[in-house]
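Novice: Before I ask anything, let me first share the structure, which is written out below as structure tokens.
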Amino acid sequence: MNKIDLNGRHAIVTGGAKGIGLAIVTRALASGAKVSVWDIDTARMNAELGKLPGDAHGDSIDVTDPDAINAGLERAIAAFGKVDIIVNNAGVVGTIAKTWEQPVENWERMLKLNLTSAFLCCRALAPHMMDNGYGRIVNIASNAAKMGTPSNSPYAAAKAGVVSLTKTLAKETAKTGVLVNAIAPGGANTELFDVLSDEYREQIENGMALGRLVDPEEVAAITVWAMSEDCSFTTGAVFDISGGRADY
Ligand code: NAD
């Protein structure tokens, strides 16, 4: 493992109880960060954090609830001091169906869980980071945002919104010390991917030129760089990690 220096930094990772989020938490702790994990799956979060070395603090937070986010931020600061980094990773894949068959409720739920959640966390954290003159915001988008994903338009559109949110906030905070970037993974080996239909999974896997899904640890490796001071002249960027599914 290459060493990324996050010593002295405090990171919040949303959706850190499992999958890609847990891999980011693990790698951030190994890089010296103190980590506050925000997740709705309290039992899983506590079980996983109990196994990890380093300074990690779990908090049961629904990232679609602005009041919960504000209260969580206060508790995170009380636990580990000012927050330097947030990774907006919590996300849900939703109903798999053609656009014209999508329930309206699923469209609204996908926007709320995948896009509004990231907006609310950025809205809460950006002023705190600007006051401190330093921040790294990393939004976990998806390759779905760039390529389109048949049978999952609500998710793909929400993730495209995350890309646009990233680029806009990056320009708004550009001269404040706060850098904002996004990561766009292709299909990853997580529980989120496990629950999809065989047909849908095959569609994603077949699109990966490297011929396999990405491991959560590989997504964490690119994410910790964007969380670090080494990421000093990049903002508003979307980093592809899709095994060649996206070629732009
Ligand atoms: P996962 O289902 O394994 O983990 C998601 C985590 O988010 C869970 O711990 C869950 O409890 C938490 N969560 C869900 N709703 C929440 C809420 N309202 N408040 C707080 N926490 C909440 O998923 P994953 O595969 O690790 O995905 C992580 C991120 O990566 C998501 O944003 C996802 O869209 C994105 N992504 C995943 C893939 C993939 O194929 N797995 C591909 C591209 C992008």
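Novice: State whether one or more residues within segment 150-160 are among the aromatic types (Phe, Trp, Tyr), away from the ligand (no atom under 11 Å from the Cβ) and under 19 Å from Asn88 (Cβ atoms).
Specialist: If we filter segment 150-160 for residues that are among the aromatic types (Phe, Trp, Tyr), which is where we start, we get 155.
After this cut, where a residue has to be away from the ligand (no atom under 11 Å from the Cβ) as well, the list is none.
No, segment 150-160 contains no residue that is among the aromatic types (Phe, Trp, Tyr), away from the ligand (no atom under 11 Å from the Cβ) and under 19 Å from Asn88 (Cβ atoms).
Novice: If you check every pair at least six apart or on different chains, which have Cβ atoms under 8 Å apart with a residue in segment 124-144 that is surrounded by fewer than 19 Cβ atoms within 10 Å (Cβ to Cβ) and in a helix (DSSP H, G or I) first and a residue that is of a type in the set (D, E, K, R) and at pLDDT 95 or above second?
Specialist: If the second residue must be of a type in the set (D, E, K, R) and at pLDDT 95 or above, the pairs left are His128/Lys82; Asn132/Lys82; Asn132/Asp84.
Novice: Let me ask another. Which of the strands (runs of 3 or more DSSP E) found entirely inside segment 1-87 contain at least 2 residues meeting this: of a type outside the set (Val, Ile, Thr) and within 16 Å of the ligand (Cβ to nearest atom)?
Specialist: Numbers: elements: 10-14, 34-39, 56-60.
Counting at least 2 such residues, we get 34-39, 56-60.
Novice: What number goes with the only condition from (1) at pLDDT 95 or above; (2) among the β-branched types (Val, Ile, Thr); (3) within 13 Å of Ser142 (Cβ to Cβ) that Thr168 does not pass?
Specialist: Only one criterion is unmet by Thr168, namely (3).
Novice: Okay, moving on. Filter segment 70-96 down to residues that are touching a Ser or Thr at 6+ places or on another chain (Cβ under 6 Å) and hydrophobic (A, V, I, L, M, F, W, C), then give me how many there are.
Specialist: 3
The values are calculated or read from the model by the stated rules, or taken from the named source; none is laboratory data. This structure is a prediction, so every number in the text was calculated from the model and none was measured. Ideal geometry is used to build each Cβ from the backbone, glycine not excepted, and the neighbour counts take in all protein chains shown.
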